[in-house]
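Asks: After the structure tokens below, expect a handful of questions from me.
The values are calculated or read from the model by the stated rules, or taken from the named source; none is laboratory data. Everything quoted here is computed from the prediction, not taken from an experiment. Neighbour counts are summed over all protein chains in view; Cβ atoms, including those assigned to glycine, are modelled from backbone coordinates with ideal geometry.
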């Protein structure tokens, strides 16, 4: 997430020399750096390697993980034991600076007695003092007032945390975390396992760890600011608040989903607005997945599917000599250079697309994804096919599950047709009600609150397959009939064209005779009405915007 110019080219540690970074991004020990001038007796250093080299390599590995982290919290939490082992320490707390409250807030810590620690940037605590005075603090006994006073008369140890947790603090080592001149947080180590005070070596390592975490924190704050700019169109048009965006970035990061996917699925921001937003930010056209796009066979020669999916770009078409390529980030110079290397003799026009759309294009172009079934299904043809299936059934068959498969072409078309008809009639719900024996399946659709019979009669032999097909579409267990189940259908996975934006909530309910009813709620997919078109007077609109803007 750092540009190459922003990643430190030297890893400087007092008393250790430096590590240099070559063009490949792998840091190496400088040949000119002396590695024998420092005598190290610390037991953490392996004897086989030159002492400071082994420790430098260990710190380099930690730094690389921090710099490369997409989710810094996740990386730091996973490294708690590594950090405490590095210092032979019982506990560690990493604080971040909250600029609004001017407090240090625990971001990562050992122990579960307290969920969150907040301390002032002031001399009334060890970590607060380190951040306030911008210097390292190493204390042999935090309960020794004379030792604290000798360091600084204003320095205090906040005993309340020991009283709250029942844990006794003895030794403490705290260092501030800075990026350039900006305070980012603090690190506090508590109690060496051998009971000794923290050494000069510990101080040097802690200072270097603070420097590396400072870079990581700055990196992530900068990424958040970039996201603010990226989604500025949504903020300006009141489709999203800054608070919602901040929460969405955090949640999408936790789920490892693209932020655009989270905004569409969770906050219901229309895809066309996401597209406008990305197009304005990258200053290139936005392209949306189209199931009917012609396959650019000539452009795909020599390109491997794993390569395209890993790098998230795909050639879409040729326009004369020019080649149009879709990618998720048209400002990524590495990807741009890759594309120009693949097509060295042609000018390239870049456009932006969502990651999922690019992956669907790749599957469509390479035959992994078949074109979705068209939705203009003929009801008479489906009826004839259903009746033909009934005539073909063996009258001796007793097991309903053996009558018709949920993968039958007629069943697939039938379910699609029911959903599309309900959508075209502005229905809110679809009720599917099988009955025991050889009674036809009853289907009703709810329009303006009233249920109406569906126009097609569904023979009894299709009832099990019909329910199973719906369960498959929303990922439910087709074998489970005794318990209610809930799911969701994204219809674009099963049909295209005008039905591409249909979503349904599905609930199955066990009924008498081992049957199951299904209720499908059609979710509103319409675009939100802009505030300017809701009939507000000019003064009320102005006042309303002031109230809701955060």
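Asks: Quick one: is residue 305 touching a helix residue (DSSP H, G or I) at 6+ places or on another chain (Cβ under 8 Å), in contact (Cβ under 8 Å) with a residue 60 or more places away in the chain, more than 30 Å from residue 529 (Cα to Cα) and assigned by TED's automatic domain parsing to the domain that holds residue 345?
Replies: Against the criterion (touching a helix residue (DSSP H, G or I) at 6+ places or on another chain (Cβ under 8 Å), in contact (Cβ under 8 Å) with a residue 60 or more places away in the chain, more than 30 Å from residue 529 (Cα to Cα) and assigned by TED's automatic domain parsing to the domain that holds residue 345), residue 305 qualifies.
Asks: Between residues in region 515-535 that are assigned by TED's automatic domain parsing to the domain that holds residue 426 and loosely packed, with under 10 Cβ neighbours inside 10 Å and residues that are part of a strand (DSSP E or B) and modelled with pLDDT of 75 or more, which pairs lie under 7 Å by C-beta distance while being six or more apart or on different chains?
Replies: Going by the 7 Å Cβ cut-off, there are no qualifying pairs.
Asks: Looking only at region 187-199, filter to residues that are out of contact with any helix residue (DSSP H, G or I) (no Cβ under 6 Å at 6 or more places or on another chain) and touching a residue at least 60 places away in the same chain (Cβ under 8 Å); which one of those is farthest from residue 170 (Cα to Cα)?
Replies: Filtering region 187-199 for residues that are out of contact with any helix residue (DSSP H, G or I) (no Cβ under 6 Å at 6 or more places or on another chain) and touching a residue at least 60 places away in the same chain (Cβ under 8 Å), the one farthest from residue 170 (Cα to Cα) comes out as 199.
Asks: Filter region 432-441 for residues that are part of a strand (DSSP E or B) and within 17 Å of residue 506 (Cα to Cα); which is nearest to the chain's Cα centre (by Cα)?
Replies: Filtering first and then ranking leaves 432.
Asks: While we're here: For residue 231, all conditions in the list (1) under 22 Å from residue 66 (Cβ atoms); (2) in contact with a helix residue (DSSP H, G or I) (Cβ under 8 Å, 6 or more places away or on another chain) hold save one; what is the number of the exception?
Replies: The one condition residue 231 does not meet is (1).
Asks: Okay, moving on. Taking residue 427 as the residue in question, decide whether it is buried (at least 17 other Cβ atoms within 10 Å of the Cβ), modelled with pLDDT of 85 or more and not assigned by TED's automatic domain parsing to the domain that holds residue 357.
Replies: yes
Asks: Looking at 129, 167, which is the one that is touching a residue at least 12 places away in the same chain (Cβ under 8 Å), under 16 Å from residue 91 (Cβ atoms) and either part of a helix (DSSP H, G or I) or touching a strand residue (DSSP E or B) at 6+ places or on another chain (Cβ under 9 Å) (or both)?
Replies: After ruling out the rest, the residue left standing is 167.
Asks: Could you pull out every one of the helices (runs of 4 or more DSSP H) wholly within region 186-271 that has 3 or more residues that are at pLDDT 90 or above and closer than 19 Å to residue 91 by Cβ?
Replies: Result: 200-230.
Asks: Does residue 42 satisfy the condition of being in contact with a strand residue (DSSP E or B) (Cβ under 9 Å, 6 or more places away or on another chain) and either at pLDDT below 80 or surrounded by 12 or more Cβ atoms within 10 Å (Cβ to Cβ) (or both)?
Replies: So residue 42 does not fit the description; no.
Asks: I'd like the full set of residues that are within 15 Å of residue 291 (Cα to Cα) and assigned to a helix (DSSP H, G or I), limited to region 308-364.
Replies: 356, 357, 358, 359, 360, 361, 362, 363, 364
Asks: Something else now. Residue 194 - would you say it is buried (at least 21 other Cβ atoms within 10 Å of the Cβ), more than 26 Å from residue 101 (Cα to Cα) and assigned by TED's automatic domain parsing to the domain that holds residue 111?
Replies: no
Asks: In region 132-160, which residue that is out of contact with any strand residue (DSSP E or B) (no Cβ under 9 Å at 6 or more places or on another chain) and not in a loop (DSSP other than H, G, I, E, B) is surrounded by the fewest Cβ atoms within 10 Å (Cβ to Cβ)?
Replies: 146
Asks: Exactly one condition in (1) within 28 Å of residue 144 (Cβ to Cβ); (2) in a helix (DSSP H, G or I) is false for residue 176; which is it?
Replies: (2)
Asks: Would you confirm whether any residue within region 455-476 is over 29 Å from the mean Cα position of the chain (by Cα), surrounded by fewer than 17 Cβ atoms within 10 Å (Cβ to Cβ) and modelled with pLDDT of 85 or more?
Replies: No: zero hits.
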